[in-house]
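Structure first, then comments.
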Amino acid sequence: MPQSPSSEVRKKLETLRNRFRDKTVREIEGLVASIFNASRHPEAIEELTAAYQLLHRLAGSAGTLGYTQLGEQARKLEIAIRPLADQIASGADKEHLRLQLAQLLDAGCDEQVTGLGNLLITAEPVSTEWHRPRPAEAENQSVLLILESDQELAELISQGLALYGYQLRNLSNGEQWPDNMDDVDLVMVRDTLLQGEGADWLHKLHSLPVICFSDAHDFATRYRLACLGVDACLDEPQDIPALADRIEHLLAEGLATLTGRVMIVDDDSELLEHYRVVLTSGGLEVRTLADPSRLLSELSEFRPDILLMDVQMGRYDGPAMARMLRFQAEWLSLPIIFFSSEEDRNLQLDVLARGGDDFVTKPVSDEFLLRTARIRCYRARQLGKLVSLDSLTGLLKHALAKIELNREYARCSRTGHDSVVAMLDLDHFKQVNDSHGHGTGDMVIKALANLLRHRLRNTDIIGRYGGEEFVVVLPECSLEKAVEVFETLSQDFAQLVFSGCKEEFSVSFSAGVATLNAYESGEQAIDAADKALYQRKRAGRNGVTVALRDVR
């Protein structure tokens with residue numbers, strides 16, 4: 001019988017823990033010998049420095065790997081020995097230091113030192129409660145659950161949202177909430193159906209975005225819904241484009257909090273691998289680095305959202321490395337989070353003042369590590385979107401869309417496969433703005449952006465070219481297939497109903513398509529698609545026209 005994902009994660013963590021235990025047994029034996037040797041022979045006093053460094057490392061790593069008592073004891077000994085280690089670094093008299101160490105051991109530290117190895121006998125059970133894998137879903141098909149007492153309205157909402165590529169499930173009034181909601185991505189529910197249900201339904205929704213339909217605007221009702229964990233409240237769910245825009249926002253936000261690229265730098269191999277297993281199992285893309293001297297080249301290749309780094313890594317100082325990274329403008333905004341067993345808040349602030357953004361005290365639980373990384377990645381990506389994505393649609397900006405198009409053109413040239421570029425433009429859009437206002441016009445633009453994002457592939461490139469015009473690149477796609485895709489999209493978009501100032505209305509779009517690699521450059525391909533677009537405009541709009549000259 002195949003193992004569950006959580007069981008596989010637990011097995012990996014147990015393997016790492018056993019490896020840590022076996023290595024640490026030997027290290028503690030050497031540590032004990034070094035401390036007692038330094039207490040007897042002044043010429044061996046410098047052995048205390050290595051012992052201090054090991055205690056510092058164990059204070060941070062042991063608890064994370066399940067040996068909490070060992071970590072706590074190592075921390076106490078680290079604090080006790082730190083003044084002597086500082087004096088060794090400053091060149092103090094060796095005999096004087098030996099006497100101080102001997103007195104420290106005689107005062108009771110000797111039993112604490114010799115008892116370190118016994119703390120490796122037992123460990124806390126490996127827990128994977130934080131690991132909640134979701135089943136893989138079909139590409140671009142989010143599942144929405146709707147509970148609306150007005151079945152006619154529920155059917156209207158279902159039909160409208162289906163045009164965007166969502167899968168809808170209607171829950172009849174009075175029907176019980178499904179026991180398993182692992183495959184549901186978002187819930188829409190009428191506020192009156194939440195009355196008196198309390199915890200019976202709440203525990204099933206706590207991890208899902210919830211949109212509530214409510215005609216009430218009073219403070220008490222809205223506050224009650226907020227306390228129940230509702231994420232959005234709409235009084236006109238029949239406005240499908242507006243509803244789809246809110247769904248898109250909530251789903252994108254939820255997905256963004258579960259993904260990200262993390263680089264971790266630490267010289268403790270077991271701890272480094274432990275972090276990698278936890279974060280990778282939590283859905284993040286992770287690259288680990290045990291050799292800090294390779295940091296610059298690895299950063300340039302991996303381009304992480306955040307950097308997790310130990311404060312002290314052998315002969316490398318974490319804050320100094322952070323300061324070095326800030327020499328380069330491209331890394332000025334990279335969030336750097338330091339890990340250390342240091343609990344002194346003043347010392348933590350000193351570390352942050354030297355180039356860091358946050359400080360996490362070791363040991364760190366797996367759940368806390370995962371949540372910290374997710375939140376930081378999400379914030380980093382939000383800031384990145386301000387630079388790279390169009391603020392209205394969330395699509396690539398003009399310049400970045402052209403960069404991605406040219407990259408795909410180069411890829412076509414290398415591999416010989418066909419790709420298609422399309423230019424799209426909303427029909428009679430000036431009339432929409434003039435008749436219904438620019439706010440309604442923006443909603444129409446967002447509706448088309450959302451439709452493209454949901455109905456096209458994740459690998460397709462979609463950008464807002466300017467105003468009501470869009471550019472789309474379909475990698476590894478034939479011209480015939482592209483025409484079929486855009487004709488279907490144009491038909492479905494024309495079915496959407498928008499709410500104007502005094503009336504409802506619909507909008508169509510025109511498209512021109514061209515084979516990307518049939519031209520001498522990406523620019524020529526865009527021009528060809530643009531000319532085809534305006535041929536479609538002259539031919540009556542609302543459809544797709546293929547570029548006339550589609551050869552080199």
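FYI, it's all coordinate maths here, none of it is from the lab. Here the structure is a predicted model, which means the values were calculated and not measured. Methodologically, a virtual Cβ is constructed for each residue, glycine included, from the backbone with ideal geometry; neighbour enumeration extends over all protein chains shown.
Once you reduce segment 305-330 and segment 26-94 to the center of their Cα atoms, the two points are 25 Å from each other.
DSSP bridge analysis restricted to the chain gives an antiparallel fraction near 40%, rounded to the nearest 5.
Were the residues from residue 126 through residue 324 laid out at 0.36 nm apart, the gain over their Cα-Cα distance would be 67.5 nm. Highest mean packing first, where packing is the average number of other Cβ atoms within 10 Å per residue, the peptides 209-216, 50-57 line up as 50-57, 209-216.
Please report the base-10 log of the normalised intensity I(q)/I(0) for segment 398-546, using a Debye sum with one equal scatterer per alpha carbon and no solvent, at each q in 0.09, 0.16 (1/Å). Relative scattering, expressed as log10 I(q)/I(0), comes to -0.27, -0.81. Across the chain, C-alpha contacts under 8 Å between residues 6 or more apart give a mean separation that, scaled by the residue count, equals a relative contact order of 11 percent. The separation of segment 231-286 from segment 396-439, counted between C-alpha centres, amounts to 27 Å.
For a straight C-alpha distance cut-off of 19 angstrom, the lysines reachable from residue 23 (same-chain residues fewer than eight places away being disregarded) are 11, 12.
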